[in-house]
Amino acid sequence: MGNKFLILLFLFIFPFCFSQEKKDNELNLKTSFSIGFIYPIEFGSTALAKGHSSNLGVTSSLGILKYSNFSGGIGLDYIFYSVEDKQLIGNYGSSKHNSYFFYFNYDYPISKKISLTPSIGYGYSELVIKKSGKRRGAQDGKEFRLGTSINYNFDKHNALCFSILYVNNKYDVKTEETLEDFFGKSNSIQIGIIYITK
Amino acid sequence: MKKYFLLIIFISCVSCTIPYDAETRLVFETKLVDSNDNSLEGIDVEITVSNGSGFGSSSELLSFGKTNSNGELRLIFPSPEFDRGYDLSVNSPYSDNENYVPLEINNIGIENFNDYKLTIPKIYRLTYDESVQVYLEFNSINNSNKITNVFIDGINSPYSSSFLDEEETFYTYNFFAKKNQTIQINYTVKNISGQLQNVSQELVINEENISQIINY
């Protein structure tokens, strides 16, 4: 339900953003778009860290609001995890993590070409069971993300960004008490390389 | 038009996959021993989910693993959606059973899990040479009585159990038991008003297979 709402929000806001007049010193609608690859390094005693191996994922975001050096928007991540320990996780091939989130950035210029951008975000997530390519069920969750990126600005409109984020998820789960955190949480350091156009 | 509609329904039922309740994670724990209570290491155990064996039914392997050096096994897996008529069975694959009698515990439902965990403290693996087959038929002499919780106390390896009628009054329990012992057959009878009566009776196992009817 949450992901459909965010996709609709994307479709509604995207064309609207381009039509707005851009002024840096007041709150305005100013668009940017990013797309890139991410790789999560899972840690802790969790199902994703102990029973899966991470694969490359994709991320995308749409900047919507801007005030001075602050900006905000919405984004999504898709990451596949291969099931490695079937005795611990179950007899299926992979888990897919989807997240749909709101975020806020602060853009701190270091030089003419390079800027540092701390970021914080929160949103809906789900961990999907995939078997033989088919969706078999999903755990709903909530995601918190905090991190920073270094942007290399090729020109006024294009940048390449290297990001590092701490990402925490809390999933709904019903299981034996000692396994609640194992299947109900995940922690990762997510590194990424992302192209931004604005 | 109606024919096409029925055909679509038919095809979708035949090809349906088993849905999981991914938010519910179940745990199965047991220990495998031989007839002398020695731990058995490296024995494969599987958990299968199915909704019957008839046309249009589905079945798949839900989890599998090997016993450790202490003969212990712990399997964790996502729950199937039991309210759609699925149940579980625990078995050891036949490739591992050249020397052992087959092992299967079937008709496991969500009600068998206590706080999402099913623990069977000990399962015996017996060889053909040391065991005989025992076939019990529980026959209701009063159709309002229902039988539940059949449990065999003794050195035995469960094989199969099932109700043979829609009213669930005629129940069969099939297992292998070690020769030359006396086992205890325990079961619970539930009458029409919901009262439970625990029943226990002895059965002497000699050198021959046994088939016995138990009226309740």
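General remarks:
- Residues being farther than 30 Å from B:L164 by Cα and in contact (Cβ under 8 Å) with a residue 24 or more places away in the chain - total across the stretch B:39-74: 14
- Any hit, the stretch B:134-146, residues being basic (K, R) and assigned by TED's automatic domain parsing to the domain that holds B:I205: yes
- Any hit, the stretch B:74-95, residues being part of a loop (DSSP other than H, G, I, E, B), at pLDDT below 90 and more than 14 Å from chain A (Cβ to nearest Cβ): yes
- Inside the stretch A:48-97, residues that are within 29 Å of A:S115 (Cβ to Cβ) and either touching an Asp or Glu at 6+ places or on another chain (Cβ under 8 Å) or part of a strand (DSSP E or B) (or both) make up a count of 25.
- Residues that are surrounded by 14 or more Cβ atoms within 10 Å (Cβ to Cβ) and acidic (D, E) within the stretch B:116-167 comprise B:E130, B:E137, listed in sequence order.
- Scanning the stretch A:149-198 for residues that are surrounded by fewer than 16 Cβ atoms within 10 Å (Cβ to Cβ) and of a type in the set (S, T, Y), we see that the one that is farthest from A:F101 (Cα to Cα) is A:T178.
- Filtering the stretch A:120-147 to residues that are more than 20 Å from B:A22 (Cα to Cα), buried (at least 18 other Cβ atoms within 10 Å of the Cβ) and in contact with a Leu (Cβ under 6 Å, 6 or more places away or on another chain) leaves A:R145, A:G147.
- Residue count for the stretch A:171-198 satisfying the condition of being polar (S, T, N, Q) and over 18 Å from the mean Cα position of the chain (by Cα): 2.
- Of the residues in the stretch A:114-134, at least one is under 16 Å from A:K198 (Cβ atoms), of a type in the set (G, A, S) and either touching a residue at least 24 places away in the same chain (Cβ under 8 Å) or not in a strand (DSSP E or B) (or both).
- Filter pass, B:K66 being within 19 Å of B:S157 (Cα to Cα), within 11 Å of chain A (Cβ to nearest Cβ), modelled with pLDDT of 90 or more and in contact with a strand residue (DSSP E or B) (Cβ under 8 Å, 6 or more places away or on another chain): yes
- Subset tally (residues that are crowded, with 18+ Cβ neighbours inside 10 Å and touching a Ser or Thr at 6+ places or on another chain (Cβ under 6 Å)) for the stretch B:18-32: 6
- Selection count where residues are in contact (Cβ under 8 Å) with a residue 60 or more places away in the chain and hydroxyl-bearing (S, T, Y), scope the stretch A:77-113: 2
- Being more than 26 Å from A:T175 (Cβ to Cβ) and either away from chain B (no Cβ under 11 Å) or touching a His at 6+ places or on another chain (Cβ under 7 Å) (or both) holds for only one residue in A:S82, A:S149, and it is A:S149.
- B:S39 passes every criterion in (1) under 30 Å from A:L48 (Cα atoms); (2) modelled with pLDDT of 95 or more apart from (1).
- Taken over the stretch A:102-144, the criterion of being β-branched (V, I, T) and facing chain B (nearest Cβ under 9 Å) is satisfied by A:V128, A:I129.
- Residue match in the stretch A:100-107 (condition: within 30 Å of B:R74 (Cβ to Cβ), part of a strand (DSSP E or B) and modelled with pLDDT of 95 or more): no
- Filtering the stretch B:1-36 to residues that are at pLDDT below 80 and outside any helix (DSSP H, G or I) leaves B:M1, B:S15, B:C16.
- Taken across the stretch A:173-181, residues that are away from chain B (no Cβ under 14 Å) and either among the acidic types (D, E) or under 14 Å from B:D21 (Cα atoms) (or both) do not occur at all.
- Segments classed as strands (runs of 3 or more DSSP E), wholly inside the stretch B:103-172, with at least 3 members that are more than 18 Å from B:E208 (Cβ to Cβ) and under 13 Å from the mean Cα position of the chain (by Cα): B:104-108, B:117-124, B:146-153, B:156-163
The values are calculated or read from the model by the stated rules, or taken from the named source; none is laboratory data. None of the values given here were measured: they were computed from a predicted structure. Don't worry about glycine lacking a Cβ; one is built from the backbone with ideal geometry, like all the others, and counts go over all protein chains shown.
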